[in-house]
1. Taking only pairs six or more apart or across chains, which ones have beta-carbon atoms under 7 Å, a first residue in segment 58-70 that is within 14 Å of residue 31 (Cβ to Cβ) and among the aliphatic types (A, V, I, L, M), and a second residue that is modelled with pLDDT of 60 or more and surrounded by 10 or more Cβ atoms within 10 Å (Cβ to Cβ)?
2. If I go through segment 10-28 residue by residue, how many of them are open to solvent by less than 100 Å² (accessible area, probe 1.4 Å) and either under 19 Å from residue 65 (Cβ atoms) or in contact (Cβ under 8 Å) with a residue 24 or more places away in the chain (or both)?
3. Report whether or not residue 52 is open to solvent by 40 Å² or more (accessible area, probe 1.4 Å), touching a Leu at 6+ places or on another chain (Cβ under 9 Å) and closer than 24 Å to residue 62 by Cβ.
4. I want to confirm something. Restricting to segment 30-49 and keeping residues that are within 16 Å of residue 16 (Cβ to Cβ) and of a type in the set (D, E, K, R), which single residue is surrounded by the most Cβ atoms within 10 Å (Cβ to Cβ)?
Amino acid sequence: MNRVLASAVVDIIKPATPTMIGHFKVEVWGQPPYDYVRTYEIMAKSDTIAAQEGIRRFVDEMEKLDISEG
């Protein structure tokens, strides 16, 4: 299986506060052969955590895609 390499950009829908988690839109895109784009809405404590979760979801999705095609 090829390694999934991806990048992400995060838009803040509702910022996190000390007492509430934030709501973020995370757009993730991969490098070939996983050159797809996915957008996720994620609730998280920070934009960094939201980006990490978006990339984790993308990698999981691409790995499942690779299994079904192989």
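1. Going by the 7 Å Cβ cut-off, the qualifying pairs are 59/4; 59/6; 62/4; 62/30; 62/34.
2. Number of matching residues: 9.
3. Values: open to solvent by 40 Å² or more (accessible area, probe 1.4 Å): yes; touching a Leu at 6+ places or on another chain (Cβ under 9 Å): no; closer than 24 Å to residue 62 by Cβ: yes.
The answer is no for residue 52.
4. Residues of segment 30-49 that are within 16 Å of residue 16 (Cβ to Cβ), as a first pass: 41-49.
Next cut, of a type in the set (D, E, K, R) only: 41, 45, 47.
Values: 41: 12, 45: 13, 47: 19.
Among residues in segment 30-49 that are within 16 Å of residue 16 (Cβ to Cβ) and of a type in the set (D, E, K, R), the one surrounded by the most Cβ atoms within 10 Å (Cβ to Cβ) is 47.
The values are calculated or read from the model by the stated rules, or taken from the named source; none is laboratory data. All values reported here derive from a predicted model rather than from experimental measurement. Here Cβ is always computed from backbone atoms with ideal geometry, including for glycine, and neighbour counts include all displayed protein chains. Calculation scope for accessible area: heavy atoms of the full protein, side chains included, ligands and nucleic acids excluded. Shrake-Rupley method; radii C 1.70, N 1.55, O 1.52, S 1.80 Å.
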